[in-house]
Structure formats: C-alpha cells, structure tokens
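Report on the structure given below.
The values are calculated or read from the model by the stated rules, or taken from the named source; none is laboratory data. Computed from a predicted model, the values in this text were never measured in an experiment. We place every Cβ from the backbone using ideal geometry, glycine too, and count neighbours over all the protein chains shown.
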Amino acid sequence: MSVSVVPASASSAAHRSAAPACGPAEAIPAPGTDACSAPLPVLGRDVTVPLVTGGEVTYAALDYAASTPALQRVWDDVAAYAPYYGSVHRGAGYLSQLSTDLFENARATVARFLGCREDDQVVFTRSTTDSLNLLAGALPEGCRVFVFETEHHAALLPWRNADVTVLDAPRSPGRAVEILERALAAREPHAPALVCVTGASNVTGELWPVRELAAAAHAHGARIVLDAAQLAPHHPVSVTALDVDWVAFSGHKLYAPFGSGVLAGRADWLGGAEPYLAGGGASRAVTRRADGGVDVVWHDGTARHEAGSPNVIGAYAIASACEALTEAGFDTLVTRERRLVERVREGLARVPGVRVLSLFGDDAPRVGVLSFVVEGWNSSHFAAALSAEYGIGVRDGLFCAHPLVRLLLGGDPGTGGACGAPEGDAGEQPLNAVRVSFGAGTPDEHVERFLAAVGELVGEGARWTYRAVDGRCVPDTSAAR
C-alpha cells in the first residue's frame, strides 16, 4: 500500500503561499524596504530573557554555528505529522505505512537537496559526528586518511583505527591544495585513501576550496568526504557539482531539531562494511546454529547502517528544512548573509583591541561565523557579559577545534584576563576566543545590538561583577551593583 506524506499544517501552508518569490540580487535594500531582505521565521524569535542589571530584553541568538533555531516552517510540518507518528518499515498498520512513506520520501528529498548521483545512498544518522564515525568504520583495509589539523574534532578524531596523516594548516586556499597534493603523491601507490575536509570553518567561517581539493584527491586515486555541517545551512551543496564522494551534515545546524544527521554518497564502501550498529532493521535473517551461536545475513543498502527504530521525525524535519531553504532561494540567503558578515566585520574593526581570527586572510569569503579576541579580556568573561547584561547569546572557547584555535591565537592558551575585570599583560595569550554566528533567521537588529554591546563593553567595561565557577565566568548574583 502506498500512502501520501501528511500535508503541511495550515499555518505552514499559509507561510509558504505568503513568501515572496525572491531571486538573485546584486544589492539588498535597507531592512524593512524589501521582503526579500527579511530573515526567515524561526522559533524563539520573540523569546525574552532577564538581564542581571534588571528588566528583560528579546533574546539575540547569535550562536548558529553550534545549533540553529528551528525554522517555523519545519516546526509546523513536524506538528502536522506528529499525530500520525508510527514505527517504520515493518508495520502493517496505516500509521506505520504512512510513516514509512514519509521516511523514505525524506531520504529522496535530502538526495535532491544535495544533488546526489543516481546510485548514491542517503543514510540517516544522529549528527555529522555520527556520520563520519560511520564512514570511519566502513574504510577498506589499509585505507589511509588525510585530514588537515584545522578540522573540527568531528572530522579530526573518528579515524583512530586507520592510518591517519594530519596535514599542516594552510594559509591560503591554494596552499591547501598544494599540501594535499604533495601528501597524496608521497603515499603508497594504489592503496585506498580518503581525504576529509570541511566546507566552511566552524571557527572562522572561511570557505574551503572543496572542488579543487576533490579534483586533487581523485587525480591521486583517493576519495573525499565533505564535512558540510557549517556549509549546508549557508550555501548550496551539490555532491555532483563539487565531485565529492560523500557529504555529512547535521540537522540541528540546518534549522531542524531532533538530533538527526546525514551521510550521503557512494554505496560501495558502505555496502562492504559491517553494519555500523548490530540489531533489528540491519539484519535480513538471523538463524540459530547448532553450537549455540547465531548466523546473520545483513541487509544491503541504507538499512544496513540504520539499525533500530530510526528517528522518523528527525529525518522529516531535515527534509522539511531542505525544502524550506530551497524554496527561499540560496541566492537570496547568501546575498543577505554576506551583507550581515560585512556589517559585523566592519563594526568589529572599529572597536579598539578586537582581533578577528582568520586562517586565509581578512578578505577571505566566509559564511556567518566569526571568532575574535579582545585585548585584556578573558573570552569567557566577555561572552558572559554579553549574555547577562545585553541578552546576547554567543559562544566562547576552543569550539571543538583546539589545534586550529590555538594556532590562530598564536600558541598555547595563557591566562588572559580574570573574570572580575579586564586585565592581563599585553604579551599574554587569551584563554580562548569569542564566536558570533548567524544565518537565515537572524534579524538585522540582533547584529546591531551585538556590535553596540561589544563597543560598550570594550569602552566602558562590564557593569556587573563576575566570578569563576567550574572554569567559566558567571554573574556574581550576590553582588549588589
């Protein structure tokens, strides 16, 4: 029996019909003059938070690189489906079959979103980290993995059971290709090899030369997997156009909740590997042996690596986000985001003592992710003050990319300033960095609030007292100001 995917809710359908048909634009008009310049509706856009100095303010969510807010469209679609929820693939009931149809339609939607080849597979996972660990378990014997030291830990660490070559950080996109080509040329000929590279840095937001790296990998008989966790929410990603072998990304960075991810690409290595998880769904037949053991025949195809009851709602949410971003138009989204990036870079450049981190240079193209340090400030203190005194959520730390951040900071972290007040010798290295990140749901006003707050904190200092708790700066609620 074939059933139709549950229709979107009335509110979601109304949102779609009201959406402007925006196309590419050379310049975006001032906010409020063109609907195409407006952010996409997201959950939490009207949430207010208390300030330690008194009162409340609308929360400015500027931590998109960690997790994006869910698109209202996605939430509406999920809410419309929720009453029809059922387990997939083997149920005879109507809701089970409807959920199966929805789950497999979601797989097809993601394949279209990623421009997959006809024989590629789309495997649903828990996250980018989960996807790359799945691929790590499917490497053929003797495979050598090449990964730059600048990668997120999700891409740097899964290959611990393989022969791994960690490549030096390049200082330009062209240099990245040169470093990779030299390393691949020096490896044992004809041995399997895999290159893992990000599409956009989660620290600097800088775009990597994926197509050129893929060409270099293939020229030397290697395959390549693209970590698109930070790229897919901001730019179109096409497996075919980029000529990558696999792509991995997370739903929670693509405006979809519920902890799902994707690994999409070539089927041969995945089909030749032991299942990522052993259990129901991955097994086609299980028989008891006379010696007391069991024999298993594993499924081929995507089921082989999707054991257990899959996260149907998570998969549907990803597919809904893919459709929403496609319908909004990446040309429009990219153009608007470039304007926001330039506004943030321009605004931070005017604040004394602020240094934006960059690997490829200040003018390198980037998505809406920027990390910076403030002279004399502990970054945890600075981020805590932005939150407690201004209602602005950013992130501080090493961003699960320790080697890269330490390189950009100029060496191993030092002591920086204390939580109580900006201090520290000019020669000291900061503990870590502050990261501001934004995207399709970010209002212009949040960016302006952020820049104004940075200027005030640097120029006037924090208005509250902070203390260290478990290594982090937090407002001292016992202080009277």
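Among the residues of the range 329-365, which ones are of a type in the set (F, W, Y) and either in contact with a helix residue (DSSP H, G or I) (Cβ under 9 Å, 6 or more places away or on another chain) or at pLDDT below 95 (or both)? Step through it out loud before you land on a result.
Our first condition is that a residue be of a type in the set (F, W, Y); within the range 329-365, this holds for 330, 360.
Answer for the range 329-365, where residues must be of a type in the set (F, W, Y) and either in contact with a helix residue (DSSP H, G or I) (Cβ under 9 Å, 6 or more places away or on another chain) or at pLDDT below 95 (or both): just F360.
For the range 282-339, enumerate the residues that are among the charged types (D, E, K, R) and within 30 Å of L71 (Cα to Cα). Don't jump to the end; show me each part of the working.
Looking only at the range 282-339, we keep the residues that are among the charged types (D, E, K, R), and these are 284, 288-289, 291, 295, 300, 304, 306, 323, 327, 331, 336-339.
Matches in the range 282-339: E306, E323, E327, D331, R336, E337, R338, R339.
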- Task: Taking G376 as meeting all but one of (1) in the same structural domain as T442 (by TED's automatic domain parsing); (2) modelled with pLDDT of 95 or more; (3) over 17 Å from the mean Cα position of the chain (by Cα), write down the number of the exception.
- Result: (2)
- Query: Checking C36 against (1) assigned to a loop (DSSP other than H, G, I, E, B); (2) crowded, with 16+ Cβ neighbours inside 10 Å; (3) modelled with pLDDT under 95, which single condition isn't satisfied?
  - Reply: (1)
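Inspect the range 362-372 for any residue being out of contact with any Gly (no Cβ under 7 Å at 6 or more places or on another chain), outside any strand (DSSP E or B) and of a type in the set (G, A, S) and give the result as yes or no. Even if it seems obvious, please write down each step before you answer.
Taking the range 362-372 first, the residues out of contact with any Gly (no Cβ under 7 Å at 6 or more places or on another chain) are 362-365, 371-372.
Now drop any that are not outside any strand (DSSP E or B), which leaves 362-365.
Applying the additional criterion that residues be of a type in the set (G, A, S) yields 364.
Yes, there is a match, as at least one residue in the range 362-372 is out of contact with any Gly (no Cβ under 7 Å at 6 or more places or on another chain), outside any strand (DSSP E or B) and of a type in the set (G, A, S).
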- Note on the structure: Considering only strands (runs of 3 or more DSSP E) wholly within the range 225-309, the ones with at least 1 residues that are at negative phi, in contact with a strand residue (DSSP E or B) (Cβ under 9 Å, 6 or more places away or on another chain) and free of Cβ contacts under 8 Å to residues at least 60 places away in the same chain are 283-288, 294-298
- Given the structure, is A241 hydrophobic (A, V, I, L, M, F, W, C) and surrounded by fewer than 23 Cβ atoms within 10 Å (Cβ to Cβ)? yes
- Query: List pairs: first in the range 112-124 and in contact (Cβ under 8 Å) with a residue 60 or more places away in the chain, second part of a loop (DSSP other than H, G, I, E, B) and surrounded by fewer than 18 Cβ atoms within 10 Å (Cβ to Cβ), Cβ under 6 Å, 6+ apart or cross-chain?
  - Reply: G115/S238; Q121/A267
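Regarding S260, is this residue surrounded by fewer than 23 Cβ atoms within 10 Å (Cβ to Cβ), small (G, A, S) and not assigned by TED's automatic domain parsing to the domain that holds R345?
Values: surrounded by fewer than 23 Cβ atoms within 10 Å (Cβ to Cβ): no; small (G, A, S): yes; not assigned by TED's automatic domain parsing to the domain that holds R345: yes.
Criteria not met by S260.
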- Hey, among the residues in the range 65-110 that are free of Cβ contacts under 8 Å to residues at least 40 places away in the same chain and not in a loop (DSSP other than H, G, I, E, B), which one's surrounded by the fewest Cβ atoms within 10 Å (Cβ to Cβ)? P83
- Item | First in the range 400-411 and in the same structural domain as L157 (by TED's automatic domain parsing), second anywhere and of a type outside the set (K, R) and in a helix (DSSP H, G or I), Cβ under 9 Å, 6 or more apart | none
- Message: Whether any residue in the range 180-189 is more than 27 Å from S238 (Cβ to Cβ), touching a residue at least 40 places away in the same chain (Cβ under 8 Å) and either assigned by TED's automatic domain parsing to the domain that holds V262 or surrounded by fewer than 15 Cβ atoms within 10 Å (Cβ to Cβ) (or both) is what I want to check.
- Response: yes
